[in-house]
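The values are calculated or read from the model by the stated rules, or taken from the named source; none is laboratory data. Everything quoted here is computed from the prediction, not taken from an experiment. Cβ placement follows ideal geometry from the backbone for every residue including glycine, while neighbour counts extend to all protein chains displayed. With ligands, DNA and RNA removed, areas are computed over all heavy atoms of the protein, side chains included. Shrake-Rupley method; radii C 1.70, N 1.55, O 1.52, S 1.80 Å.
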Amino acid sequence: MYAEKVLSGMRPTGRLHLGHYHGVLANWIKLQHEYPCLFFVADWHALTTAYDEPGTITGNAREMVIDWLAAGVDPSQATIFIQSKVPEHAELHLLLSMMTPLGWLERVPTYKDQQEKLTHKDLTTYGFLGYPLLQAADILIYRADRVPVGEDQVPHIEFTREIARRFNHLYGREPGFEDKAREAVKKLGSKRAKRYEELRNCYQEKGEAAALEQAQILIDDAQSLSHGDRERLFGWLEGTRKMILVEPDALLTQASRMPGLDGQKMSKSYGNTIALREDAETITRKIRTMQTDPQRVRRTDPGDPEKCPVWQFHQIYSGDEVKAWVQGGCRSAGIGCIECKQPVIDAVLKEQEPMRERAKMYTDDPQLVTNIIADGCEKARKLAQETMRDVREAIGLDYP
Ligand code: TRP
Ligand code: SF4
């Protein structure tokens with residue numbers, strides 16, 4: 001059975017916080033048990049906006065990998081690597097740039113949005129315009145099937161699909177394709193081959209989508225086909241093209257429910273974060289000094305949890321019993337705010353305990369992290385090199 005691959009990346013912009021954990025990382029940690037996963041540090045992407053801040057990227061990249069490991073990304077399950085250590089991404093980006101219409105890039109919504117938002121920076125650069133294409137190369141080079149991303153990134157996945165389609169359309173013609181496809185059908189074994197032909201005819205003559213889908217499942221289930229044959233069979237089904245690059249699907253990550261210390265979305269730019277691996281005293285102090293319902297000035301004033309950011313924390317961290325205690329105690333002035341905050345402090349500290357332990361292992365022995373990254377880069381690079389061989393061949397750039 002052909003296992004679907006998951007790939008995702010994160011720009012190394014600084015220390016991660018609970019918002020990243022409850023949004024992105026918790027999802028990665030779940031996915032690593034379900035799929036082969038590739039997670040990488042998008043350091044070149046960071047450079048598209050941090051090109052004038054040299055020297056910040058490598059440190060941030062390493063700290064971010066430690067945050068991933070601390071949170072529970074497991075290097076024995078997932079491949080962890082750094083984009084710039086797999087220079088094939090850049091080669092694919094360059095080759096794809098030859099066939100990417102400028103208009104496609106200019107129309108990606110993040111292009112104008114980010115330029116308008118980050119006014120202090122000149123983002124009218126070649127590299128920034130190409131940001132989504134570099135992302136497309138990141139994804140296509142691993143033939144990733146699923147890409148967990150937030151909603152803001154969905155247009156980039158859509159763009160990646162268009163690029164893959166255009167590439168396959170331009171270069172997916174293989175000399176002798178028909179003969180090779182017929183050979184590949186035979187390799188299915190006579191029973192499967194017959195079924196494949198039936199479904200193919202059904203799809204090509206009547207356009208039945210269900211037949212196409214069944215045939216695709218049949219190919220997926222076939223054992224011991226080479227990647228090339230598998231792709232030929234897919235291509236032969238739909239037309240006469242070989243699929244060299246695979247169109248990925250976005251796997252929408254639920255937005256983090258984690259509010260910041262002030263009740264707004266947790267974000268570094270609002271200064272309202274609790275970092276992963278923050279020390280216990282700082283966490284305690286940050287929560288103790290959190291804003292509460294502004295109407296509740298004195299201990300004897302009743303409050304309203306709906307107007308209090310602490311209540312939002314309870315909704316994430318507390319069970320029904322504690323929540324009922326907060327609702328009752330707050331509205332009747334039966335409990336004080338410091339009292340109310342204690343279960344939150346305890347829960348955040350408890351959540352971070354295993355993270356702190358894991359992180360300690362890695363900060364005590366930095367070589368561990370270096371090795372994990374080196375292993376991941378090596379594995380990723382092998383995969384990337386395989387795709388690049390096919391890509392060069394398809395374009396006709398494979399010198400003898
Ligand atoms: N653009 C992504 C972000 O800002 C990061 C990223 C780069 C990425 N390459 C990727 C995400 C490939 C998924 C797949 O979040
Ligand atoms: Fe907020 Fe709790 Fe104080 Fe009520 S008692 S205002 S919910 S901190």
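Mind listing whichever residues of segment 168-197 are small (Gly, Ala, Ser) and more than 27 Å from Ile141 (Cα to Cα)? Give the steps one after another, and end with the answer.
Within segment 168-197, the first condition is being small (Gly, Ala, Ser), and the residues that meet it are 172, 176, 181, 184, 189-190, 193.
Correct list: Gly189, Ser190, Ala193.
Using the structure shown, decide if Gln114 is polar (S, T, N, Q), closer than 19 Å to Leu7 by Cβ, in the same structural domain as Val24 (by TED's automatic domain parsing) and within 12 Å of ligand 1 (Cβ to nearest atom). Give the steps one after another, and end with the answer.
Values: polar (S, T, N, Q): yes; closer than 19 Å to Leu7 by Cβ: no; in the same structural domain as Val24 (by TED's automatic domain parsing): yes; within 12 Å of ligand 1 (Cβ to nearest atom): yes.
Answer is no for this residue.
Any idea which of (1) away from ligand 1 (no atom under 12 Å from the Cβ); (2) at pLDDT 90 or above; (3) in a helix (DSSP H, G or I) is the one Gln135 doesn't satisfy?
Result: Gln135 passes all but (1).
Quick one: which helices (runs of 4 or more DSSP H) sit completely within segment 285-370 and have at least 2 residues that are within 16 Å of ligand 2 (Cβ to nearest atom), under 33 Å from the mean Cα position of the chain (by Cα) and acidic (Asp, Glu)? Talk me through it step by step, then tell me what you get.
Details: elements: 309-317, 320-331, 337-364.
Those helices (runs of 4 or more DSSP H) do not exist here; none qualify.
Given the structure, is Arg182 assigned to a helix (DSSP H, G or I) and among the basic types (Lys, Arg)? Show your work before the answer.
Working: assigned to a helix (DSSP H, G or I): yes; among the basic types (Lys, Arg): yes.
Against the criterion (assigned to a helix (DSSP H, G or I) and among the basic types (Lys, Arg)), Arg182 qualifies.
Given the conditions (1) open to solvent by 30 Å² or more (accessible area, probe 1.4 Å); (2) modelled with pLDDT of 95 or more; (3) not acidic (Asp, Glu), report the number of the one that Thr100 does not fulfil.
(1)
Among the residues of segment 24-45, write down those that are in a helix (DSSP H, G or I), open to solvent by less than 10 Å² (accessible area, probe 1.4 Å) and under 26 Å from Asn272 (Cα atoms). Full working, then the answer.
We begin by selecting, within segment 24-45, every residue in a helix (DSSP H, G or I); these are 24-31, 43-45.
If we keep only those that are open to solvent by less than 10 Å² (accessible area, probe 1.4 Å) as well, we get 25, 28, 31, 45.
Across segment 24-45, the qualifying residues are Leu25, Trp28, His45.
Go through segment 227-282 and report how many residues are open to solvent by 70 Å² or more (accessible area, probe 1.4 Å), part of a helix (DSSP H, G or I) and in contact with a Gly (Cβ under 9 Å, 6 or more places away or on another chain).
2
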